[in-house]
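Peer 1: Let me begin by handing over the structure; questions about it come next.
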Amino acid sequence: MLGPPDRELVERTRSGDRQAFGRLVERYQDDLFRYALHMGFDEFEARDILQDAFVRAYRHLGRCGDPDRFDGWLFRITSNLCRTAGRRRSRRTTTSLEDVTLVDEAADPEDRVEADMLQEKVRSALDTLPEDQREAVVLFYMHGRSVKEIAAGLEVSDSAVKMRLKRARDALKVHLETAYEEAG
Amino acid sequence: MNRDERTPLERYLDGETDLDGLPPADRHDEARLVEFLAAQRRSGVRAPDGLRTDVMREIEALPRNRWQDLLSWFLRPRTLHWNPAAAAALAVAALAVLMALPDGDPAAPPRAGEAVADGVPAVMAGRDADAGALVVTRFVFVAPEASTVTLTGDWVGWDAEEIPLRELRGSGVWTVDVPVPAGVHEYAFVVDGSEWRPDPLAGSQTDDGFGRTNSVLLVSNAEV
């Protein structure tokens, strides 16, 4: 981690240094933005969710019991907002992974077509999962979080996270087999 | 000694083994899954330009927390230059202020000019209140099972220990009178140091974004 540790930035923010909070925004905005996209929101929705999450985090910073774990606490806010936003709107017909550029624009056109197809398959596969399983898969496989970190962030047991991952794996297995068969 | 009854997949998910620790069938599926999803992890997508600026602009527009500002002012290191005559004058002034202060019993009834509300969202101030002034507000919470109850809210930076309530003669009714800056505030009660609860008497509640509910309080300095 570059720059001051989270604890220092949280404490400086609490004592009135708003710019310290700006450093925390810079530190976590990319990871949380990707998370919101992976949860099925488009670029504009993800941006709104993040802005709301950061402002809430700032306003309620006194509730962050352990400033060393600010990232987990911030994630929990974002995750809750994603769920709330997800409940508000019906299932999207198009999803974020199509709406944003995820591939290297400079790549070979053939590679880009393949990458686009892969993204489409990932999107379709993830869309079939219930929200809690999708959340677990996104965090474990795409964001590299451990089961314990996910459990703490979502305030559920380790066993619950593992069960969600196992069910998600079983469901995704069908999609994976189809995708690989089509790829020859 | 307890036997480890976890499956190989559970041990893998717990991070204690790698793919080689899985049975061949699981290993094959897992390798596919990792490969399938890894394309997204490497996507390099970044947050939109200007997000940080927009967040900071919204934060700058928030009303300042007077308690926090005051605390920061007191805690900020500074150099003092002493002048004996000025110090003596300051001491006399401080003594005069102390002598003029009322009794500090938080459970005492509010004085004339202080209006209160029993946990309801609309709170009226005394007639001398200025815009943004502190308004003495009474909070009441019923919790017969509680050993301690504290009040917390945005105006104290959600400090869960700063404002204890006092139980009225073992009745299970807890109360406190506390100065609150005029404006709209979110608040909650903390029972036994850990359980956050909204005020059931409040007229308005709001989702706090943490999966909990806060109560909403409007502290007005309007004439009663």
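The values are calculated or read from the model by the stated rules, or taken from the named source; none is laboratory data. Keep in mind the model is a prediction, meaning the values are calculated, not measured. For neighbour counting, all protein chains shown are included, and Cβ atoms are generated from backbone atoms with ideal geometry for every residue, glycine included.
Peer 1: Could you please find all residues in segment A:146-178 being of a type in the set (G, A, S) and more than 7 Å from chain B (Cβ to nearest Cβ)?
Peer 2: A:A151, A:A152, A:G153, A:S157, A:S159, A:A160, A:A168, A:A171, listed by residue number.
Peer 1: Only one of (1) surrounded by fewer than 19 Cβ atoms within 10 Å (Cβ to Cβ); (2) touching a residue at least 40 places away in the same chain (Cβ under 8 Å); (3) touching a Pro at 6+ places or on another chain (Cβ under 7 Å) is not met by B:Q205, so which one is it?
Peer 2: That leaves (2) as the condition not met.
Peer 1: Does A:R69 meet the test of being at pLDDT below 90, more than 12 Å from the chain's Cα centre (by Cα), within 18 Å of A:R14 (Cα to Cα) and in a helix (DSSP H, G or I)?
Peer 2: yes
Peer 1: I've got another one for you. I'm trying to understand the selection: among the residues of segment A:119-145, which are within 11 Å of chain B (Cβ to nearest Cβ), basic (K, R) and out of contact with any Phe, Trp or Tyr (no Cβ under 8 Å at 6 or more places or on another chain)?
Peer 2: A:R123, A:R145
Peer 1: Tally time: how many residues in segment A:1-38 are more than 21 Å from B:A61 (Cβ to Cβ), at the interface with chain B (Cβ under 8 Å from one of its Cβ atoms) and in contact with a Leu (Cβ under 8 Å, 6 or more places away or on another chain)?
Peer 2: 4
Peer 1: Whether any residue in segment A:83-94 is of a type in the set (A, V, I, L, M, F, W, C) and at pLDDT 90 or above is what I want to check.
Peer 2: So far as segment A:83-94 goes, no, none of its residues is of a type in the set (A, V, I, L, M, F, W, C) and at pLDDT 90 or above.
Peer 1: Kindly indicate whether A:R59 is facing chain B (nearest Cβ under 9 Å) and of a type in the set (K, R).
Peer 2: Yes; evaluated as a whole, the condition is true for this residue.
Peer 1: Continuing with this model, one more query. So which residues in segment A:1-39 are buried (at least 23 other Cβ atoms within 10 Å of the Cβ) and not in a helix (DSSP H, G or I), if there are any at all?
Peer 2: Scanning segment A:1-39 gives a single hit, A:M39.
Peer 1: Kindly indicate which of A:R167, A:R134, A:R145 is among the basic types (K, R), within 16 Å of A:R83 (Cα to Cα) and modelled with pLDDT of 85 or more.
Peer 2: Selected residue: A:R134, the only one of A:R167, A:R134, A:R145 that is among the basic types (K, R), within 16 Å of A:R83 (Cα to Cα) and modelled with pLDDT of 85 or more.
Residue by residue, here is whether (1) at pLDDT 85 or above; (2) under 30 Å from B:V184 (Cβ atoms); (3) in contact with a helix residue (DSSP H, G or I) (Cβ under 9 Å, 6 or more places away or on another chain) holds:
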| position | (1), (2), (3) |
| --- | --- |
| B:Y12 | yes, no, yes |
| B:F36 | no, no, yes |
| B:R41 | no, no, yes |
| B:N65 | no, yes, yes |
| B:R76 | no, yes, no |
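Each row is one residue, and each column tells you yes or no for (1) surrounded by fewer than 12 Cβ atoms within 10 Å (Cβ to Cβ); (2) among the β-branched types (V, I, T); (3) more than 37 Å from the chain's Cα centre (by Cα); (4) not in a helix (DSSP H, G or I).
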residue: B:L9; (1), (2), (3), (4): no, no, yes, no
residue: B:T17; (1), (2), (3), (4): no, yes, yes, yes
residue: B:A25; (1), (2), (3), (4): yes, no, yes, no
residue: B:A31; (1), (2), (3), (4): no, no, yes, no
residue: B:E35; (1), (2), (3), (4): no, no, yes, no
residue: B:V45; (1), (2), (3), (4): no, yes, no, yes
residue: B:D49; (1), (2), (3), (4): yes, no, no, yes
residue: B:D54; (1), (2), (3), (4): no, no, no, no
residue: B:E60; (1), (2), (3), (4): yes, no, no, no
